[in-house]
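Colleague: Structure in structure tokens, see below.
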Amino acid sequence: MNPLIGIAVNLLPDLAKRLTGGAKPETTDLVLSVVREVLKTDDPEEARLRVQDAELTAELRVKLAEIDAAQKAQEDAAEQAQRQNELDQIRARLDAEAAKRDAEFRELTARMSDRQDARSTFEGLAKESSPFAWGPVVVSVIVSAGFFITLIFLIRGGFEAAATDPVVFQVVNIAVGALTAGFATVVSFWLGSSDGSRRKDLSAAHAQTAAVALQRENAEATRKIVSEQTRQTAELLDKVTRQPAPVAPTQQLAQTQAVASEQPGKDALQFTRSLETIFKHEGGYVDHPDDPGGATNMGITHKTLAAWRGNPVTRDDVRNMSREEAGEIYRANYWNALSCDALPSGVDLVVFDFGVNAGVSRAAKLLQRIVHVEQDGQVGPITVGAAKAIDAEHIVSSFSDGRMEHYRSLRIWDTFKNGWTRRTKETREAALAMIRA
């Protein structure tokens, strides 16, 4: 992860879900652009120094909140578009079904009208005592008699020639079909519309009612989505405006100790005890030619001190650095960066010490490997929760073993192996003592 992204997430934690798990590249680019624009730098160390400015931090938070709100609005719009698309598909199916029902209804109406006309003509002829009034009766009797006679004849094995002669079979089939259709017409003429037709009419009415109900449901869902989006945007902007600005480096140690004292289950002096272990291991001023860190005092390299102060430093500046300033740097750059206040006692010490010696990201990834979570180099709620769920002594032992594996893989192992081995052993023993205390 780009360090500038880390700064943005630290200022606005809610932004993290927009930048992980398949985030759009343009979102990440936009966040980076805003951070660079407000802090006026591309250098991560310089950005960490400038973010201490309360005015710049407030401006950056507001702009990041606007990005977060815009992304939330886009997600809601996409969800609404998906719902609308699903509704359109359902509506199209209902419309097609309704059109089909309408066509069937019109056809039924036409047939009923034809039958009604026939019945009206029959009724008029009967009233006039016309001999033609017997026409429908005679035709119905002939058709019905022919249908049943043919049916009985076929059941009793008639038309044996049809079984061997395809032509005869086809003629018989056509005749039976015609008689069946005629009999159905007779029944319809005398008895009216079938119950199946009435069920079709009722189904069409139910389909139209369902379509109206679905439209009402979608309108209500849309209203709720818009209302929820407005509420969340207002809460986000309100949280940004109420979030306190960061303090200057000289005030940071006292403030973070006060915060640590409020955390349940964590001794307020845990950082102080852990820091004493760091000072014991790091010693005083050294400038070893094989050490890639260069001039170092109490474990603070000249590059780290220069980034902390925001100005280039000399070897004398490193040599004369106070113990209090070193503690502030360790608190801000390592203890807080690794979320040690949230880790179990003992686990916090081994992670802190390795972070100081080998880098924050490497220490975080080793811890994440031990607790079986994604190794992204950021100790967040998931990593902390996993660490609390596993036996602390197991984590300390496994972490110490992994630390030694890292040291052995380095080309300067032969030069520093004695010091690294002793430091790892002493840190492990101190951490286990904290756990068992």
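Colleague: If you scan region 331-345, which residues turn out to be among the polar types (S, T, N, Q) and within 14 Å of Ile382 (Cα to Cα)?
Modeller: Hit for region 331-345 is Ser339, nothing else.
Colleague: Then there's this: If you check every pair at least six apart or on different chains, which have Cβ atoms under 9 Å apart with a residue in region 399-410 that is more than 13 Å from Leu367 (Cβ to Cβ) first and a residue that is surrounded by 13 or more Cβ atoms within 10 Å (Cβ to Cβ) and of a type in the set (Lys, Arg) second?
Modeller: Filtered contacts from region 399-410: Tyr407/Lys417; Arg408/Lys417.
Colleague: Take the residues in region 410-436 that are among the aliphatic types (A, V, I, L, M) and closer than 15 Å to Leu275 by Cα; name whichever of them is farthest from the chain's Cα centre (by Cα).
Modeller: Only one residue fits best here, namely Ala430.
Colleague: Please go through region 63-87 and give me each residue that is of a type in the set (A, V, I, L, M, F, W, C) and either crowded, with 16+ Cβ neighbours inside 10 Å or in contact with a strand residue (DSSP E or B) (Cβ under 9 Å, 6 or more places away or on another chain) (or both), ordered by number.
Modeller: Answer for region 63-87, where residues must be of a type in the set (A, V, I, L, M, F, W, C) and either crowded, with 16+ Cβ neighbours inside 10 Å or in contact with a strand residue (DSSP E or B) (Cβ under 9 Å, 6 or more places away or on another chain) (or both): Leu64, Ala65, Ile67, Ala69, Leu87.
Colleague: Any chance region 408-419 includes a residue that's part of a helix (DSSP H, G or I) and crowded, with 20+ Cβ neighbours inside 10 Å?
Modeller: No.
Colleague: Also, I was wondering about something else. Does Phe399 qualify as being touching a Lys or Arg at 6+ places or on another chain (Cβ under 8 Å), closer than 17 Å to Arg422 by Cα and aromatic (Phe, Trp, Tyr)?
Modeller: So Phe399 fails the test.
Colleague: Anything in region 69-112 that is of a type outside the set (D, E, K, R) and within 26 Å of Thr27 (Cα to Cα)? List them, or say none.
Modeller: If the condition is that a residue be of a type outside the set (D, E, K, R) and within 26 Å of Thr27 (Cα to Cα), then Ala69, Ala70, Gln71, Ala73, Gln74, Ala77, Ala78, Gln80, Ala81, Gln82, Gln84, Asn85 are the ones that fit.
Colleague: Among the residues of region 30-53, which ones are surrounded by 18 or more Cβ atoms within 10 Å (Cβ to Cβ) and either acidic (Asp, Glu) or under 11 Å from Leu4 (Cα atoms) (or both)?
Modeller: Within region 30-53, Val31, Val34, Val35, Leu39, Ala47, Arg48, Val51 meet the criteria.
Colleague: Could you tell me which residue of region 1-60 is modelled with the lowest pLDDT, considering only residues that are closer than 22 Å to Leu338 by Cβ, within 25 Å of the chain's Cα centre (by Cα) and part of a loop (DSSP other than H, G, I, E, B)?
Modeller: If we take residues in region 1-60 being closer than 22 Å to Leu338 by Cβ, within 25 Å of the chain's Cα centre (by Cα) and part of a loop (DSSP other than H, G, I, E, B), then Met1 is modelled with the lowest pLDDT.
Colleague: If you don't mind, there's one more thing I want to ask. Return the residues of region 335-382 that are of a type in the set (A, V, I, L, M) and in a loop (DSSP other than H, G, I, E, B); say none if nothing qualifies.
Modeller: Ala337, Leu338, Leu343, Val373, Val379
Colleague: Please work out which one of (1) surrounded by fewer than 20 Cβ atoms within 10 Å (Cβ to Cβ); (2) over 41 Å from the mean Cα position of the chain (by Cα); (3) not small (Gly, Ala, Ser) is the condition Met321 fails and give its number.
Modeller: Unmet for Met321, out of (1) surrounded by fewer than 20 Cβ atoms within 10 Å (Cβ to Cβ); (2) over 41 Å from the mean Cα position of the chain (by Cα); (3) not small (Gly, Ala, Ser): (1).
The values are calculated or read from the model by the stated rules, or taken from the named source; none is laboratory data. Remember, predicted model here, so these are calculated numbers, not experimental data. Don't worry about glycine lacking a Cβ; one is built from the backbone with ideal geometry, like all the others, and counts go over all protein chains shown.
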